[in-house]
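In what follows, a single structure is set out as structure tokens and then discussed.
The values are calculated or read from the model by the stated rules, or taken from the named source; none is laboratory data. Note that the coordinates shown come from a computational prediction; the quantities given were computed from them, not determined experimentally. Positions of Cβ are backbone-derived with ideal geometry, glycine not excepted, and every protein chain shown enters the neighbour counts.
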Amino acid sequence: MQIYNYINGEFILPTSGKMLDDINPATGQIIAQIPDSNNDDVAKATMAAKRALPNWRALSKDERINWLNKIAQALEERSEDIAKTESMDTGKPIGLARRVDAARSISNFRFFAQHAKQQIETEFTMADATNYVIRKPVGVVGLITPWNLPLYLLSWKVAPALVMGNTIVAKPSEMTPLTANLLAQTLDEIKFPKGVVNIVHGLGPRAGQAILEHPDITAISFTGGTETGKIVARTAGPMFKKLSLELGGKNATIILDDADLDVAAKGAAKAAFTNSGQVCLCGSRVLIDAKIYDVFVPKFIAAVAAMKVGNPDDESTDIGSVISQQHMEKVLSYIELAKQEGGRIAYGGQRIIPEQSSLCHGSFISPTIIENLAINSRCATEEIFGPVVTLHRFDSDIQAIEMTNSTQYGLAGSIWTTNTSRGKEFAKQVDSGILWVNTWLHRDLRTPFGGVKNSGVGREGGDWSLNFFSELSNICVKDD
Ligand code: NAD
């Protein structure tokens with residue numbers, strides 16, 4: 001398979017003619033060739049987006065909402081294709097790709113269509129004048145997304161950007177470009193206005209950096225790692241671009257002494273190992289009250305042992321491969337580091353080679369549970385972004401809060417207790433953007449999503465996304 005950039009409604013090769021390999025990490029096979037785009041391609045895409053802007057922003061909001069619903073409908077018709085493609089590109093289980101990736105990519109368009117409809121225009125009346133607060137699009141916006149939830153995260157930005165009247169230059173991760181290409185094909189099929197959405201494929205430091213640096217791109221919405229986020233901020237900040245940064249995490253799952261331990265063990269296992277631990281919200285540190293530690297841990301290990309690792313095509317698989325061989329090596333190196341740091345492997349700890357011969361070169365790792373590490377060890381503070389969780393004891397809620405807040409990150413976390421008031425009080429003291437009590441990854445798309453500290457700047461979701469993708473103007477009209 002060969003995929004192309006989607007610029008001004010045309011599928012075109014990159015200017016340089018150079019292509020990159022896209023690999024299925026479950027098989028190690030090359031599945032596609034993708035453009036290795038550069039400044040010239042980004043310039044073309046930006047020019048197309050700039051030309052398309054006046055007509056797109058001139059549509060009524062209702063007309064743009066209709067387009068979002070059309071996109072959702074067209075994606076829904078190919079939802080199985082999205083799920084299969086996402087599973088093949090990422091190595092994630094097909095069931096997860098259906099339930100999470102395909103379903104959410106479609107619902108992102110439906111949600112923002114609905115949500116934008118309900119947006120209230122603000123007015124401030126004075127004794128002799130009225131202030132009308134109106135929203136204008138920001139202009140041409142740059143959207144840069146990671147590989148863990150490819151179309152899910154891209155559509156989470158595309159939908160609100162479009163509905164607010166912006167035009168787009170997007171760069172999906174070079175490791176998972178295929179569903180962005182499906183989106184381009186879908187737009188082409190429904191005869192979506194040319195140039196409004198442009199997709200440029202390629203490497204971050206080349207194609208991504210060109211988006212950051214282009215003077216006609218006035219806002220950047222970036223989701224990815226914290227180190228890349230620093231480059232984004234460093235480049236786009238001095239150009240006064242509007243910036244949204246959704247970055248890494250090292251989230252805690254906190255088991256209080258009054259938790260229902262069976263429920264908490266299953267919840268903590270899901271929080272740690274969904275998508276092979278490759279969700280920014282994954283709970284990769286489990287903090288457990290010392291009073292229940294010895295009862296909880298065997299239940300947690302049993303819940304993890306019940307997870308089936310292997311063939312992503314198998315409906316019953318819970319954990320597929322990690323994103324690449326390079327990433328597998330990084331995750332395995334952290335497991336080795338944990339041993340050097342005094343950690344004890346309570347479960348897993350190694351690469352898995354599934355029985356199917358087609359998967360023998362795949363990047364599969366057993367879900368891994370590590371005990372006995374200091375809370376400030378590297379494995380317990382750095383984002384591993386793989387199927388590895390560290391367990392820690394605490395003696396009091398105060399100590400648990402200190403431990404929870406002890407990393408550079410502040411994205412999410414979950415607290416498990418039978419006393420929800422206690423859970424809520426605990427949550428108020430945690431420095432992070434999202435806290436769940438007795439659940440994990442339970443999402444209402446109207447709520448703010450984002451992190452504090454090195455997990456990012458700004459919020460996405462509901463009104464926050466609509467605000468980011470619009471500029472407010474206050475028009476003050478003096479009474480006659
Ligand atoms: P990454 O930072 O390596 O890449 C993200 C995107 O940025 C990719 O498209 C990449 O090509 C691009 N990029 C890389 N260098 C660039 C540069 N110099 N200029 C512009 N673009 C550049 O991240 P990743 O490995 O793809 O994804 C994993 C990371 O994403 C983890 O840290 C995870 O926590 C984070 N993440 C965060 C959220 C969130 O909502 N907070 C969601 C998902 C993933």
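Values for this structure:
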item: Subset of region 437-480 that is β-branched (Val, Ile, Thr) and within 12 Å of the ligand (Cβ to nearest atom) - its residue that is nearest to residue 230 (Cα to Cα); result: 457
item: Flag if residue 323 is in a strand (DSSP E or B), surrounded by 21 or more Cβ atoms within 10 Å (Cβ to Cβ) and touching a Phe, Trp or Tyr at 6+ places or on another chain (Cβ under 9 Å); result: no
item: Given (1) in contact with a helix residue (DSSP H, G or I) (Cβ under 6 Å, 6 or more places away or on another chain); (2) farther than 30 Å from residue 120 by Cβ, index of the condition residue 188 fails; result: (1)
item: Sole exception among (1) more than 16 Å from the ligand (Cβ to nearest atom); (2) more than 25 Å from residue 83 (Cβ to Cβ); (3) not acidic (Asp, Glu) for residue 310, by number; result: (2)
item: Criterion (in a helix (DSSP H, G or I), modelled with pLDDT of 95 or more and crowded, with 23+ Cβ neighbours inside 10 Å) met by exactly one of 83, 103, 52, 72; result: 83
item: Candidate set from region 418-458 (those that are free of Cβ contacts under 8 Å to residues at least 40 places away in the same chain and under 19 Å from the mean Cα position of the chain (by Cα)); member that is nearest to residue 259 (Cα to Cα); result: 436
item: Test: residue 335 is buried (at least 21 other Cβ atoms within 10 Å of the Cβ), in contact with a Phe, Trp or Tyr (Cβ under 8 Å, 6 or more places away or on another chain) and either of a type in the set (A, V, I, L, M) or within 28 Å of residue 261 (Cβ to Cβ) (or both); result: no
item: Test: residue in region 226-249 that is aromatic (Phe, Trp, Tyr), under 26 Å from residue 85 (Cβ atoms) and in the same structural domain as residue 11 (by TED's automatic domain parsing); result: no
item: Filter result for residue 192 (on the phi < 0 side of the Ramachandran plot and within 16 Å of the ligand (Cβ to nearest atom)); result: no
item: Some residue of region 1-12 being closer than 30 Å to residue 209 by Cβ, modelled with pLDDT under 95 and either surrounded by fewer than 20 Cβ atoms within 10 Å (Cβ to Cβ) or not basic (Lys, Arg) (or both); result: yes
item: Residues of region 23-43 that turn out to be touching a residue at least 60 places away in the same chain (Cβ under 8 Å) and in a helix (DSSP H, G or I), as a count; result: 4
